[in-house]
């Protein structure tokens, strides 16, 4: 049952992305949206994927020193085992 719900959510998100893309690529539909929603904006997929990538890279950069220590430690262990 859980996989079915996840499938529906994914399918809905893909449909929503297509709808938002359509609205923002057609000026008439965009102006109608702004009139009907009191000038609210949709969350655009490109912006959110950029933000997600940025936050992921920022987190990797923050953990860079710890990652290097872990790799160095594992290499030292492998050398000692040989």
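Tell me which of these residue 41 doesn't satisfy, since it passes every other one: (1) surrounded by 10 or more Cβ atoms within 10 Å (Cβ to Cβ); (2) at pLDDT 75 or above; (3) assigned to a helix (DSSP H, G or I).
(3)
Out of all the residues in the stretch 6-25, is one or more part of a helix (DSSP H, G or I), exposed (fewer than 10 other Cβ atoms within 10 Å of the Cβ) and modelled with pLDDT of 75 or more?
yes
The values are calculated or read from the model by the stated rules, or taken from the named source; none is laboratory data. The structure displayed is predicted, hence computed values, not measured ones. All Cβ positions, even for glycine, are placed from backbone atoms using ideal geometry, and neighbour counts span all protein chains on display.
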